[in-house]
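These notes are about the structure you will find just below.
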Amino acid sequence: MGYVSLTVVTVVLCVLQLLLVSAIGHHPVGEGPKRHFEAKAEHFLVIGCDGFGGMFLENATSFLPHFAKFFANGATTTRMRDRNPSVSAPNWAAITTSMSIEESGVNSNSWTPADDNPGNDITGGGMPPISGAGKVPQAYWAAAKIQNPELKTAISISWDWINYLCDNNTCDDLFRGKEDDLAVAKAMAGFIHDHQPNVMFVHFDSIDDAGHSSYWGSEKYYNATKNVDGYIGLMLDALDAAGIADKTLVIVTADHGGWQSHHGDFSQSNMYIPGLFMGPGVRPKYEISSPTSNLDFAPTGLAAIGLKPGEFMRGRVLEEIFQ
């Protein structure tokens, strides 16, 4: 009798589990959660501020008026987590591909596309990306193009390494600024004026340079943040002049912070980065308190314009930031 009762209980539990899965839905890896918000944007722009750690942005908005706009009008956190080691290439790869280091294969600043295909070298050849050996990790602009080839993409970068992620003609407009942040800002402003791209990425390098040449939190460092704040203003003005400001989700973040004159450590000053979101449907003055990481930028940006996360993306859509 006891055996029969145990069997009945087991069957009942299995049925309840099936009903629960059916009720909440099953979300395969790479597809992200079902969206509970209406996609209201037609464009999204990620602005990357190399080396601007989240802890160094806190209490600095009084002299950074364009950063301050995100806190007044958008959803923000200064405690988003990056990947370890807290160096540039693995983290810009994570931000743009939504893959961890183990999944993208990008484990250091010395990575090149040749490392995508280690072949038979099983001890020192690195790891191929989960998107396939010999293939560059798929960035969000490539994922967008796969879903809708008519979308326009624009990339303007100060650190030339990021160019490795622009493959197979996925970047319609590309400017390689060779560490000239002002030229990078002006180039993207021009792309916005001329083409109103749907999917955009900008990278500024001068804050990181200032940290290395002095120290994180120095006067030189914060002078560099003021300059980048001005470049962000150029981006916002360009969106407004092009008539797409109210249709664009703007995201501001960084790859890492730092301490003294270096970064790469597993510490709060290195690992916390800002996550700032402003645009149609985003909650104003909303402090993001849920756990989040730099894998979440790409899926959220794509979802905001009505697209699914890329096939290989591992982050989540930050549904909570939308009204």
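Bear in mind these aren't lab numbers, they're just calculated from the coordinates by the rules spelled out. Not measured: the values here are computed from a predicted model. Positions of Cβ are generated from backbone atoms using ideal geometry, with glycine treated the same way; all protein chains shown enter the neighbour counts.
Some notes on this structure:
- Packing, as the average of other Cβ atoms within 10 Å across residues, places the peptides 268-275, 252-259, 142-149 in the order 252-259, 268-275, 142-149, highest first.
- Along the axis of the charge dipole computed for the chain (Cβ charges of +1 for Lys and Arg, -1 for Asp and Glu, origin at the Cα centre), the listed residues Asn73, Ile162, Gly211 are led at the positive end by Asn73.
- Span-like helix ranges in the chain, DSSP H, alpha carbon extent 15 angstrom or more, Kyte mean at least 0.0: 2-24, 181-195
- Spatially, region 263-323 and region 54-107 are offset by 9 Å when compared through their Cα centroids.
- Percent RCO, i.e. relative contact order, over the chain, from Cα pairs under 8 Å lying at least 6 residues apart: 33
- For a straight C-alpha distance cut-off of 15 angstrom, the aspartates and glutamates reachable from Lys145 (same-chain residues fewer than eight places away being disregarded) are Glu42, Asp167, Asp172, Asp173, Glu311.
- When peptides 296-307, 213-224 are sorted by average Cβ neighbour count within 10 Å, with the highest value leading, the order is 296-307, 213-224.
- Remark: for residue pairs Lys152/Lys247; Lys69/Lys285; Lys69/Lys247; Lys69/Lys178; Lys40/Lys308; Lys69/Lys226, the C-alpha separation exceeds 19 Å in Lys69/Lys178.
- A Förster radius of 30 Å, combined with the Cβ-Cβ distance separating Asn169 from Ser108, puts the computed FRET efficiency at roughly 0.65.
- Over the chain, DSSP H runs of length four or greater, each weighted -39,500 (n - 2.57), average out per residue to a 222 nm ellipticity of -10500 deg cm²/dmol.
- FRET E, pair Glu219, Asp180, Förster distance 22 Å, beta-carbon r, rounded to 0.05: 0.50
- Our summary gives region 260-322 a relative contact order of 30 percent, counting only alpha carbon pairs under 8 angstrom and 6 or more residues apart.
- In this Cβ point-charge picture (+1 for Lys and Arg, -1 for Asp and Glu), the chain has a dipole of about 840 debye about its Cα centre.
- Packing-based ranking of 202-209, 244-251 yields 202-209, 244-251, ordered from highest to lowest mean Cβ neighbour count within 10 Å.
- Amide proton proximity set for His203, modelled H, under 5 Å, gap of 5+: Gly48, Ser156, Ile157, Ser158
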